[in-house]
Amino acid sequence: MKVLDSVELKKIHSLSMQIKLPVSGQATGNRKSKSKGSSVEFSDFREYTPGDDFRRIDWNAYGRFNRLFVKLYMEEREAPVQVFPDISLSMDYGNPNKFAAACRLAAGISYISLLSYDSVYINPWNDKVQGTFGPFRTQSAYAKVDALLAGLRASGASNFSDALKYMEWKAGRGVSVVITDGLLKDGLEEGIKYLKYKNQDVFLCLLLSPEEMSPALNGALKLVDSETGEAIEVTVSASLLKKYEESLRQHLVSLGEQCRKWGVHFTTLTSDMPVDLMLKSIIT
Amino acid sequence: MSFETPFGFIGLLAIPLIILLYILKQKREKVTVPSLILWSRVLSDMQAKTPWQKLQKNLLLFLQIMAAILIVLALTGFSILHGQNAANSVIIVIDHSLSMASTDIEPTRLGAAKKDAAEYIDVLPNNCRVTVVSIGREADVLIYASTSKKDIKKSIESIQQSSGYADMVKAEELVLSLKREDPDAQIVLFSDTPLRFGNEQIQFSEYKKQTDNVAVTGFTHTKTGENITAVTTIRNQGSSEVEIIVSLYGDNEFLDSQWVTVPASETKTVWWDRIPGTVKTMRVSIETEDILPDDNNAYEVILSEETVKVLLVSGGNLFLEKVFSLIEGAELIRTSPEDEIYEGYDLYVFDGLVPSRLPEDGNILLFAPPPNNLFSVGKWMDTPEVGLSDHEIFKYLDKLTFSIGRTRIIEKPEWAEVIMEHNGNPIIMEGTVGNLRILIFGFDLLETDLPLRTEFPILISNIVNEYAPSRGTVIQRLFTGDAVQFRLNPDTLKAYVHLPDQKRLLIAPPIPAEPFLDTGEPGIYILEQIKDRGSVNTFFDVNILDEWLMEKDSYTGSTGAGTEYKMSVPLQKTSFKLTLPLLSMVIAILLFEWWYYANRNYI
């Protein structure tokens with residue numbers, strides 16, 4: 001079973017990621033690199049020094065200034081895109097299921113990244129990163145990504161900062177897309193800061209189910225936490241639901257403000273959104 | 001603060017039950033949610049805003065316990081006492097006459113009156129002097145000018161229901177004399193009748209909800225040949241016509257029954273014919289229930305008229321011979337005075353002599369006794385004046401006058417009582433020697449005009465009825481509370497009275513017996529006299545006096561009669577019953593609980 005079917009793939013074919021920061025990478029991609037190199041896009045001039053590629057000497061400038069200048073071009077490099085889908089048990093909730101929606105979103109991001117010749121890494125996590133899969137570099141590698149995502153199962157409790165600390169990182173800039181419901185006991189702050197520390201352009205995709213946005217609960221209930229098994233007894237009334245929704249709204253607003261402060265792209269998504277709409281929401 | 005029905009406190013058992021139900025509270029539906037983070041945050045925010053969160057956690061439990069307590073208080077008839085009585089001295093008058101046994105007020109009128117009186121005591125100032133008077137056939141001071149509320153309440157509690165009427169005259173006399181001693185005292189009356197005490201203002205707590213009572217007010221009989229005919233009068237004291245069943249019982253066996261319709265406030269006579277002559281006791285009973293069951297029965301004893309054997313020992317007295325022969329049921333034997341042993345007669349009449357040895361089995365009547373061993377007899381006194389006497393032998397003889405030529409000068413012995421005297425000299429006297437009753441006429445009948453009077457046979461008949469032992473024990477027309485002096489037979493060794501409730505009381509020895517006072521219960525009583533040769537039983541009946549009639553008469557005799565009486569003011573009820581406010585609070589709590597349950601956020 002595939003995560004995204006061909007219709008969905010077609011819809012997202014034309015989308016591409018908009019990345020603010022240039023990335024460093026080994027393979028050539030279509031991202032602007034800080035490294036000046038062989039590219040068609042002009043960047044700057046500097047004086048020739050021995051060892052430079054003499055093919056890049058600007059002879060017109062030599063004619064005007066009688067000095068040797070070398071044309072510098074923005075080297076286009078591939079962007080390493082790190083996708084972090086949350087596979088904790090809290091994601092396995094809602095109709096449509098959040099976990100499935102997270103996988104679809106991860107697949108969609110991977111797909112458009114591969115289309116842009118970026119390398120993709122899939123890092124499923126709960127209380128630790130359950131493995132770094134990749135790099136996937138070419139469009140043809142998408143099938144592997146899809147298969148990988150289709151094989152994931154929700155398990156364990158989530159702890160983003162712990163998960164990242166024990167993850168092996170390669171040096172260099174990149175794009176990190178974190179897909180989670182944000183309902184973490186220890187929060188996301190530490191983890192996001194860590195990603196920023198690792199020079200990542202972070203996209204935080206907060207994925208919630210419609211049932212979380214507007215719980216359809218009523219009466220005397222025993223609410224059990226899907227991750228910890230803890231329970232509280234509540235008698236759900238209209239006013240309590242109102243307060244819950246207000247609390248959720250504040251939570252999202254607060255998270256959004258923090259993300260803006262950190263320079264993190266923050267998007268709230270619901271699991272009933274089609275994958276192309278989710279991607280558009282992230283990009284725009 | 002008082003509780004009308006303390007049994008309601010059983011309801012407090014509901015409180016542990018409520019707590020138990022809270023311990024075993026409902027199992028909630030389990031719902032898995034992704035995370036409790038937001039829920040916990042909502043709840044902790046709300047708790048932070050609630051200063052009484054701990055209480056709130058169990059608010060519903062507290063509300064339900066409070067509601068349970070309030071319901072229990074309502075069930076117990078909880079009431080609070082309020083109001084201040086400014087009086088420093090109070091005379092509490094409690095009517096315990098028969099009508100106060102009516103059940104139109106729970107438990108009875110008297111029960112309610114005693115309870116209210118006790119509550120009234122509670123709100124009096126501590127230094128208030130309280131006198132408690134109970135009024136029935138007698139008016140009694142139970143406690144005088146006491147300031148001990150405990151003792152006052154005890155005296156109120158000791159008042160027992162009586163079967164008699166309230167003697168208004170006695171009550172008025174007593175209360176007014178108490179009032180004279182303490183002019184500032186406030187009179188507070190607890191009764192079903194607005195009694196008057198002169199022109200004194202009283203506070204009146206009335207106990208009468210309805211008057212639907214039918215009473216047997218009269219029951220008597222006559223012998224018609226072999227059979228007995230009885231007549232019963234029944235009065236309807238209510239304000240509507242009633243149809244009742246009246247039954248007649250003979251010797252506790254059912255004899256007859258009749259449907260009787262008695263119009264409102266009227267009296268109906270019911271006849272009973274062909275009652276077997278063998279019946280010794282009768283009871284008539286109203287079988288239909290009313291508010292006062294005590295006056296639904298009346299009792300009647302059929303007297304057996306035994307022949308009285310009279311021995312006349314005389315030198316010749318034609319008047320005595322004739323008059324005794326006229327008396328129905330009396331068998332006269334005449335003998336001449338000889339010194340012999342007299343035996344076998346009920347009444348010995350010695351005319352002009354006193355035997356040296358008194359008979360032992362009958363009473364004695366002496367006329368013009370000569371000097372003897374029993375008492376000192378002197379010469380003659382001429383033409384003594386005859387006064388009137390209310391002694392039994394002069395019953396029905398209010399207008400009797402007669403003249404005496406001369407009478408013996410007699411020194412009154414210690415054992416004798418004077419019935420008639422002139423200048424300190426007894427003319428007629430009576431006494432008891434051993435078991436014998438002796439009636440002494442100091443004069444000779446032949447020296448008076450008494451035998452010529454039309455009342456003479458009545459006098460002798462009275463003497464036979466009073467002094468013939470078999471007649472002497474006949475007790476007629478007794479009412480509850482009456483004292484009775486039994487004339488026991490001279491040869492009685494021991495005597496008992498069997499009460500209607502089967503109890504047996506020893507009344508003799510000592511002989512003569514003390515007056516018998518235990519006639520509080522209406523019914524058939526039996527006087528049992530034990531002799532050497534077996535025992536003799538005499539039945540007598542005790543009935544309830546017609547309270548309605550007696551109180552009416554008594555009321556007429558009191559000073560306030562005939563004038564419009566406006567001095568009675570209703571007693572301010574000092575207790576406020578909280579049943580309605582309590583139930584209102586319960587409803588308010590339940591409404592609040594419902595509202596809270598509908599709007600609460602957690603338990």
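Nothing in this text is a laboratory measurement; each read-out follows from the coordinates by a stated rule. Just so you know, these numbers come straight off a predicted model, no measurement behind them. Cβ atoms come from the backbone with ideal geometry, glycine included; neighbour counts cover every protein chain shown.
For the residue pairs A:LYS98/A:LYS185; B:LYS223/B:LYS309; B:LYS170/B:LYS503, the C-alpha atoms sit more than 25 angstrom apart in B:LYS170/B:LYS503.
Using only alpha-carbon positions in chain B, the gyration tensor eigenvalues give semi-axes of 73, 28, 23 Å once each is multiplied by 5 and square-rooted (largest first). Of A:SER271, A:SER226, A:SER161, the residue with the greatest mean-square motion in the GNM of chain A, using alpha carbon springs below 10 Å, is A:SER226.
Once backbone amide H atoms are built at 1.01 Å from N, B:ASP192 has B:TYR207 as its partners under 5 Å, excluding neighbours fewer than 5 places away on the same chain. Springs between Cα atoms under 10 Å define the GNM used for chain A, and in it the highest mean-square fluctuation of A:TYR48, A:TYR166, A:TYR111 occurs at A:TYR48.
Length available on full extension from B:GLN201 to B:GLU138: 0.36 nm per residue minus the Cα-Cα distance, which gives 20.4 nm.
As a rough footprinting exposure proxy, the listed residues B:SER146, B:SER205, A:SER239 were ranked by other beta carbons within 10 Å of their own, and the order from fewest upward is A:SER239, B:SER146, B:SER205. Annotation: amide H-H contacts under 5 Å for A:LEU217 (H modelled 1.01 Å from N, sequence separation of 5 or more, or interchain): none. With contacts taken as Cα pairs under 8 Å at a separation of at least 6 residues, region B:369-426 carries a relative contact order of 41 percent. For chain A, what D do you get in µm² per second when you plug the Kirkwood radius from alpha-carbon pairs into Stokes-Einstein at 20 °C and 1.002 mPa s? Approximately 104 µm²/s, per Stokes-Einstein.
Working from label points 7 Å from Cα in the Cα-to-Cβ sense, the B:SER257 to B:LYS154 distance is 4.9 nm. Phi-derived couplings, Karplus 6.51 cos²θ - 1.76 cosθ + 1.60 at θ = phi - 60°, listed residue by residue for region B:532-543: 4, 9, x, 9, 10, 9, 10, 8, 8, 10, 10, 10 Hz, with x used for Gly and Pro. The ellipsoid that matches the Cα gyration tensor of the protein assembly as shown has semi-axes, each √(5λ) in whole angstrom, of 128, 27, 21, with the longest given first. State whether region B:110-196 is rounded, prolate or oblate according to the following rule on the C-alpha gyration tensor (a ≥ b ≥ c being the square roots of its eigenvalues): a/c under 1.5 gives rounded; otherwise a/b larger than b/c gives prolate, and the remaining case gives oblate. Oblate shape, in that a/c is at least 1.5 and b/c is the bigger or equal ratio.
In this structure, the amide hydrogen of A:ILE122, modeled 1.01 Å from its nitrogen in the peptide plane, lies closer than 5 angstrom to those of A:VAL83, A:PHE133, A:GLY134, counting only residues at least 5 positions away or on a different chain. The mean of 1/r over all distinct Cα pairs in region B:231-290, once inverted, gives the Kirkwood hydrodynamic radius of 12.2 Å.
With a Förster radius of 22 Å applied to the beta-carbon distance between B:THR383 and B:THR454, the computed FRET efficiency rounds to 0.45. Taking the Cα centre of each part, how many Å lie between region A:92-139 and region B:95-159? With region A:92-139 and region B:95-159 each reduced to a Cα centre, they are spaced 96 Å.
For region B:481-543, averaging the sequence separation of C-alpha pairs within contact (under 8 Å, six or more residues apart) and dividing by the residue count gives a relative contact order of 36 percent.
Normalising by the residue count of chain B, find the relative contact order in percent from Cα pairs under 8 Å and 6+ residues apart. Result for chain B is 14 percent.
Checked against a 26 Å cut-off, the cross-linked pairs A:LYS128/A:LYS198; A:LYS128/A:LYS242; B:LYS209/B:LYS577; A:LYS2/A:LYS198 give Cα-Cα distances beyond that limit for A:LYS128/A:LYS242; A:LYS2/A:LYS198.
By other beta-carbon atoms within 10 Å, ranking A:TYR117, B:TYR596 with the fewest at the front produces B:TYR596, A:TYR117. Scaled against the 2.2 N^0.38 Å expected of a compact globular protein of N residues, the Cα radius of gyration of region B:481-543 reads 1.05.
As a proxy for reagent exposure, B:TRP594, A:TRP125, A:TRP262 were ordered by neighbouring Cβ count within 10 angstrom, fewest first; the result is B:TRP594, A:TRP262, A:TRP125. Couplings 3J(HN,Hα) of region B:215-229, computed from phi: 10, 7, 9, x, 7, 8, 8, 8, 8, 10, x, 7, 9, 10, 10 Hz, in residue order, whole Hz [Karplus 6.51 cos²θ - 1.76 cosθ + 1.60, θ = phi - 60°; x for Gly and Pro].
What the phi angles of region A:113-128 give under the Karplus curve with 6.51, -1.76 and 1.60, with θ = phi - 60°, is a coupling list of 5, 5, 4, 8, 6, 8, 8, 10, 10, 9, 10, x, 9, 9, 8, 7 Hz, glycine and proline written as x.
Given R₀ = 45 Å, FRET efficiency for A:GLU189-B:LEU580 by Cβ-Cβ distance, to 0.05? Computed FRET efficiency for A:GLU189 and B:LEU580 comes out at 0.10.
On the beta carbon distance between B:GLU181 and B:LEU517, with R0 = 25 Å, the FRET formula returns roughly 0.30.
The mean count of C-beta atoms from other chains within 10 Å of the C-beta of residues in A:245-256, rounded to a whole number, is 2.
One Cα centroid belongs to region B:277-344, the other to region B:431-451; the line between them spans 21 Å.
Distance between the pseudo-spin-label points of B:ARG357 and B:MET66 (7 Å out from Cα toward the beta carbon): 9.8 nm. Expressed in Å, the radius of gyration and Dmax of the Cα atoms of region B:223-365 are 24.2, 73.
Extent along the principal axes, Cα only, for region B:308-470: 38, 34, 26 Å, with the longest axis given first.
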